[in-house]
Amino acid sequence: MTANREIDSILQRAADGGRITPEEALLLYTEAPFHALGEAADTVRRRRHPDGIVTYLIDRNINYTNVCVTACKFCAFFRAPKHKEGWSHPMEEILNRCGEAVDLGATQVMLQGGHHPDYGVEYYENLFSSVKQAYPQLAIHSIGPSEILHMAKVSGVSIEDAVLRIKAAGLDSIAGAGAEMLPDRPRKAIAPLKESGARWLEVMAVAHRNGLSSTATMMMGTGETHEERIEHIRMIRDVQDLAVERGYRDDAVETGQEIGGFRAFIPWTYQPENNHLKGRTQATTMEYLRFLAMSRLFFDNVSHLQASWLTTGKDVGQLSLHLGVDDLGSIMLEENVISSAGARHRSNLHELIWMIRTADRIPAQRDTLYKHLAVHYTPEDDPTDERVVSHFSSIAMPGGGAGRKQLPVVGVS
């Protein structure tokens, strides 16, 4: 209970599973007492996930090229075509990195790259089919709507044809990459050459109706207003409503129904180094935590909420587990894109499990579709592989480099 009856009423309705409007979400985000907001969000988590389990994933982000024609102002990773620092990895190197990931227990790879002017649907068909042929046990959770729009344009095919072809080649799930900010004003300010937010969501809807589920993301801290942050999640929720209406349920893993829709929402914070925005605006820790809690209340049609310890730090990641979060994402064996912009947080498998357990939750390794692969009810159930550390081959991190398996790990505060 708070001193504001209107806020009390909204919190109670949302905690009970009722829908809140964007206007109510803005009121909660800006004015609800922090502890009451967090308690309501955690009530939703307990109802949706009563087993008390918090999941994690082992995966590797493999970049096939840094050449990109989009030139987003927040990106420190890309290089323009013909730039002397531009590169594209041969298939042999990509498959070698997939093999290293499998050896370290990864169940997923995220293949990411720039919008290379020469890479159409045919390139991605070859990429995905080659990975699947060599490592059928790896789920390919990769690319985003921006890449799909780009490849379709290069190849001169429709969005639906592109989606169907890359799905047939082996793509298992679409990443929420490229969402950043979906409302027009902030999107044009930070990524003027990218598609509109409405177009980004249109591609997601095409993927959903063709049986590919996805994640949804949001980048906070590039000068967007509170109202624009709420509008971003409103746009996502509307598309998810359509997926649910058509029968592509977000809990399809448990029900056995065809997969579709958004499985999870993942907000993260803009990183200020080595890009044109130069950190002129950033989201505070409290803004991030409040938005997490409010998002859990707002997304009555999305099952999972993931916190970004990579961009906010492990202490914030652990605190988020009391604000409605049920997933801590992955031990990323490699990550170059956000790290190039200044994300310096690392972890290892034991540390991530410790973060979950000491928050009074039960750690569990999951797969891409949130199926539990191993539940660690007690410390005796924990994995013992000391090699599973994040960023062991990241070119963007000090001390990184392909093949190095041991990196210093910063302790959790």
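Since every read-out is calculated from the coordinates, none of them should be taken as a lab result. A quick note: this is a predicted structure, and the numbers were derived from the prediction, not measured. Because the Cβ atoms are built from the backbone with ideal geometry, glycine has one as well, and the counts that use them run over all protein chains shown.
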### Message
List the residues, sorted by chain then number, that are 5 or more residues from D327 or on another chain and whose placed amide H is less than 5 Å from its amide H.
### Response
T55, L305, A307
### 20 Å-binned pair-distance histogram of region 53-381 (Cα, whole percent)
33, 63, 4
### Message
Here is the link list: K73/K188; K132/K153; K73/K132; K132/K371; K167/K371; K73/K194. Which ones come out longer than 22 Å on Cα distance?
### Response
K132/K153; K73/K132
### Task
Kindly rank 356-364, 305-313 from highest to lowest mean number of other beta carbons found within 10 Å of each residue.
305-313, 356-364
### Query
With Cβ to Cβ distances under 12 Å as the rule, what net charge do the other residues near E227 carry (K, R +1; D, E -1)?
-1
